[in-house]
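The values are calculated or read from the model by the stated rules, or taken from the named source; none is laboratory data. Keep in mind it's a predicted model, so treat the numbers as computed, not measured. Backbone-built Cβ (ideal geometry, glycine too); neighbour counts: all protein chains shown. Ligands, DNA and RNA are stripped out before the accessible areas are found, and what is left, the full protein with its side chains, is counted by its heavy atoms. Shrake-Rupley method; radii C 1.70, N 1.55, O 1.52, S 1.80 Å.
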Amino acid sequence: MQLNDKVIIITGGGQGLGRAMAEYLAGKGTKLALVDLNQERLDEAVAACKAQGVEARSYLCNVANEEQVIQTVNQIADDFGAINGLVNNAGILRDGLTIKIKDGEMTKLSLAQWQSVIDVNLTGVFLCTREVAAKMIELKNEGAIINISSISRAGNIGQANYSAAKAGVAADTVVWAKELARYGIRVAGVAPGFIETEMVASMKPEALERMTAGIPLRRMGKPAEIAHSVAYILENDYYTGRVLELDGGLRL
Ligand SMILES: NC(=O)c1ccc[n+]([C@@H]2O[C@H](COP(=O)([O-])OP(=O)(O)OC[C@H]3O[C@@H](n4cnc5c(N)ncnc54)[C@H](O)[C@@H]3O)[C@@H](O)[C@H]2O)c1
């Protein structure tokens, strides 16, 4: 797909990887609909895209809320008149061991910790994919949906909630690629390793140092490197049903 003048939605587009994707795609002439929970960050991201001469709009929406997702996708279609793609990038971390024993005392990963991550990182991806695919079919727009999974989909200690959600996203990428191909919609994923963003900044420094030491390329990835992969998948019409691993060679 040629990206110039196409309409791409990015969830979690206000900061981190989502914002890097938005700016990268703006550089290719893409029109952007940025979805996030934080209006201030959205305004900054939209301004950065507009500075590159493209149309960009912000949408306040919780991807885990069905009503809000339906309303937002309708609004985006009305505002732009077309939808050619979606990047399911919004995500959260609520790390913790399922069972932790410290100084003889046992704590458990709470159901709230489990559920919040499943709601945003898995259910949110389902809701956005469903609504955007339905709208693209209705509008007879072809294009691509990209799901941001993670290296943690392989199973990372302290991330029972996050690993489950990211593995689910990778599996459903295959499901939706098969289901939506007949409508001219490709569905693929990107599984980043450790990338320098605000999300990583919230990790403990010791844990971060251990991570970098184990990466063959000896550094974390850059947001622009993930954005480059997203652009590659959007542009390459034969890429579907696969998850591109971008992790500097790290294996968990
Ligand atoms: N940074 C990494 O190293 C890394 C590695 C692997 C995968 N990922 C994945 O990449 C994606 C982006 O990560 P990031 O590091 O840029 O994170 P981030 O925390 O910097 O940004 C995430 C954005 O998503 C938004 N968001 C969170 N919950 C939302 C919701 N319910 N509805 C709408 N927006 C919501 C936040 O407001 C924020 O702007 C996530 O899916 C994450 O799991 C990141």
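At a glance:
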| item | result |
| --- | --- |
| Residue check for Glu67: farther than 22 Å from Tyr232 by Cβ and open to solvent by 50 Å² or more (accessible area, probe 1.4 Å) | yes |
| Val243 being within 11 Å of the ligand (Cβ to nearest atom) and either among the polar types (S, T, N, Q) or in contact with a Ser or Thr (Cβ under 7 Å, 6 or more places away or on another chain) (or both) | no |
| Where Thr107 falls short, out of the listed (1) away from the ligand (no atom under 11 Å from the Cβ); (2) out of contact with any Cys (no Cβ under 7 Å at 6 or more places or on another chain); (3) open to solvent by less than 30 Å² (accessible area, probe 1.4 Å) | (3) |
| Filtered residues of the range 81-104 (kept if within 26 Å of Asn121 (Cβ to Cβ), open to solvent by less than 50 Å² (accessible area, probe 1.4 Å) and more than 11 Å from the ligand (Cβ to nearest atom)) | Ile83, Asn84, Gly85, Leu86, Gly96 |
| Hits in the range 129-164 - residues which are closer than 12 Å to Ile83 by Cβ, open to solvent by 40 Å² or more (accessible area, probe 1.4 Å) and among the small types (Gly, Ala, Ser) | Ala134 |
| Selection count where residues are in contact with a Leu (Cβ under 9 Å, 6 or more places away or on another chain) and open to solvent by 70 Å² or more (accessible area, probe 1.4 Å), scope the range 110-128 | 0 |
| Wholly within the range 181-252, helices (runs of 4 or more DSSP H) carrying at least 3 residues that are surrounded by 14 or more Cβ atoms within 10 Å (Cβ to Cβ) and modelled with pLDDT of 95 or more | 223-235 |
| Top-ranked residue in the range 4-52 [being in a loop (DSSP other than H, G, I, E, B) and open to solvent by 70 Å² or more (accessible area, probe 1.4 Å); ranked as farthest from His228 (Cα to Cα)] | Leu37 |
| Scan of the range 50-66 for residues that are within 13 Å of the ligand (Cβ to nearest atom) and more than 22 Å from Glu198 (Cβ to Cβ), ordered by number | Asn65, Glu66 |
| Condition check for Ala177: more than 14 Å from the ligand (Cβ to nearest atom), open to solvent by less than 30 Å² (accessible area, probe 1.4 Å) and closer than 20 Å to Ala134 by Cβ | yes |
